[in-house]
1. Of the residues that make up segment 95-110, is at least one assigned to a loop (DSSP other than H, G, I, E, B), surrounded by fewer than 15 Cβ atoms within 10 Å (Cβ to Cβ) and under 21 Å from the mean Cα position of the chain (by Cα)?
2. Would you mind finding the one in 57, 42, 62 that is touching a helix residue (DSSP H, G or I) at 6+ places or on another chain (Cβ under 6 Å), on the phi < 0 side of the Ramachandran plot and surrounded by fewer than 16 Cβ atoms within 10 Å (Cβ to Cβ)?
3. Out of curiosity, is residue 115 in a helix (DSSP H, G or I) and more than 28 Å from residue 172 (Cα to Cα)?
4. Restrict the check to segment 22-34 and report whether at least one residue is surrounded by 15 or more Cβ atoms within 10 Å (Cβ to Cβ), within 17 Å of the chain's Cα centre (by Cα) and under 27 Å from residue 168 (Cα atoms).
5. Look at segment 135-173 and say how many of its residues are over 25 Å from residue 18 (Cα atoms) and either at pLDDT below 95 or not in a helix (DSSP H, G or I) (or both).
């Protein structure tokens, strides 16, 4: 869909309409016994959460296998060629299917950690933030974007309203 919007084939969705739909989904899921454990994921219990996705959001290590698969270990990310035929040809030639890799700097890793950990229900530790980010966290609490009790306990945890504006909160905190 994003590619079709970029090409002008589809109009970009209205942000207010998307927010309304998110809130409707959140309410319906809550009534069905689901709670959010990440900005866009709900579960009925901790056991039914996606452990696979939690690896991404908490900076875990993973190996991706197959065409277009991504991997991450120790701050290095790499990804395979996307096309299945190209992937198969490389394997048949006993060559790596890897297309490219990137090594994140310490600053990029910190930014990514804030970005991803803030998305999960436990949030991110305030001591991960620079002084300017900790000031922004206090403002976000006052604006109803971060949970005050979690802030008092040393964590930045998004409120329901904060989940709607998560990207803006991350920009302010980093």
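1. So in segment 95-110, the residues assigned to a loop (DSSP other than H, G, I, E, B) come out as 95-97, 104-105.
Now narrow it down to the ones that are surrounded by fewer than 15 Cβ atoms within 10 Å (Cβ to Cβ): 95-96, 105.
Restricting the remaining residues to those that are under 21 Å from the mean Cα position of the chain (by Cα) gives 105.
Yes, that holds for at least one residue.
2. Working: 57 fails: surrounded by fewer than 16 Cβ atoms within 10 Å (Cβ to Cβ); 42 fails: surrounded by fewer than 16 Cβ atoms within 10 Å (Cβ to Cβ).
62 is the lone residue from the list that is touching a helix residue (DSSP H, G or I) at 6+ places or on another chain (Cβ under 6 Å), on the phi < 0 side of the Ramachandran plot and surrounded by fewer than 16 Cβ atoms within 10 Å (Cβ to Cβ).
3. Numbers: in a helix (DSSP H, G or I): yes; more than 28 Å from residue 172 (Cα to Cα): no.
When the stated conditions are applied, residue 115 does not pass them.
4. So the first thing to find is which residues in segment 22-34 are surrounded by 15 or more Cβ atoms within 10 Å (Cβ to Cβ), and the list is 22, 26, 29, 34.
Right, trim to within 17 Å of the chain's Cα centre (by Cα) and you get 22.
Of the ones still in play, those that are also under 27 Å from residue 168 (Cα atoms) are 22.
Yes, segment 22-34 contains a residue that is surrounded by 15 or more Cβ atoms within 10 Å (Cβ to Cβ), within 17 Å of the chain's Cα centre (by Cα) and under 27 Å from residue 168 (Cα atoms).
5. Of the residues in that region, 3 qualify.
Residues checked against (1) closer than 22 Å to residue 41 by Cα; (2) surrounded by 16 or more Cβ atoms within 10 Å (Cβ to Cβ); (3) assigned by TED's automatic domain parsing to the domain that holds residue 29:
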{"position": "117", "(1), (2), (3)": "yes, yes, no"}
{"position": "132", "(1), (2), (3)": "no, no, no"}
{"position": "140", "(1), (2), (3)": "no, yes, no"}
{"position": "150", "(1), (2), (3)": "yes, yes, no"}
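The values are calculated or read from the model by the stated rules, or taken from the named source; none is laboratory data. Quick caveat, the model's predicted, so the values are computed rather than measured. Ideal geometry is used to build each Cβ from the backbone, glycine not excepted, and the neighbour counts take in all protein chains shown.
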